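Notes follow the structure.
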Amino acid sequence: MKGTIVLCLEQLVCSKFGEEAWQTIRTEAGVPAAKKFLPFEDVDDAIVMKLIQALCATLHLSLSQAADAFGEYWVMTYSQEMYRQHYQNYKTVREFLLALDTIHVLMTRT
């Protein structure tokens, strides 16, 4: 997975539960405090899953609740901040969705 997934997860936890909760989740997942994730970095799926499992355990959420919270935060907050320019290029949701493959290719090249 790309590092942007982890960064979104971090922002979600910090904004809703506090930075201390995120540090606890990192520790429980075995991710060193000094590790910085970059948006376009490839992150091993196993690390992301450990973070998600630690998040569920620490915050007492089911996987379904965590996924719903992540999806809502991604669409309503994170993507609006990180990818605003992409949204502005399209007049309708349909245009945007049809362009997603192209957007992903461009983002990968960047």
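The values are calculated or read from the model by the stated rules, or taken from the named source; none is laboratory data. In this text the structure is predicted, and so the values were computed from the model without any measurement. All Cβ positions, glycine included, derive from the backbone under ideal geometry; neighbour counts span all protein chains shown. Accessible surface areas use protein heavy atoms only, side chains included; no ligands, DNA or RNA. Shrake-Rupley method; radii C 1.70, N 1.55, O 1.52, S 1.80 Å.
Estimated at the nearest 10 Å², the accessible area of GLU81 is 110 Å² with a 1.4 Å probe. Spin-label pair ASP42-HIS86: with each label point 7 Å from Cα along the Cα-Cβ axis, the two points sit 1.9 nm from one another. For LYS2, the residues whose modelled amide H falls within less than 5 Å of its own, excluding neighbours fewer than 5 places apart on the same chain, are VAL43.
The lysines whose alpha-carbon is closer than 24 Å to the alpha-carbon of LYS16, local same-chain residues fewer than 8 away aside, are LYS2, LYS35, LYS36, LYS50.
Among ILE47, ILE25, the sequence by solvent-accessible area, most first, with a 1.4 Å probe is ILE47, ILE25.
Take the Kirkwood radius over Cα pairs of the chain, plug it into Stokes-Einstein at 20 °C and 1.002 mPa s, and you get 143 µm²/s for translational diffusion. Relative to the Cα centre, the charge distribution of segment 67-110, modelled as +1 at Lys and Arg Cβ and -1 at Asp and Glu Cβ, gives a dipole magnitude of about 220 debye. Computed over the chain, the per-residue total of -39500 (n - 2.57) for DSSP H runs of n ≥ 4 gives a 222 nm mean residue ellipticity of -21500 deg cm²/dmol, rounded to 500. What a 1.4 Å probe finds exposed on segment 33-110 is 59% carbon and sulfur by accessible area, rounded to a whole percent.
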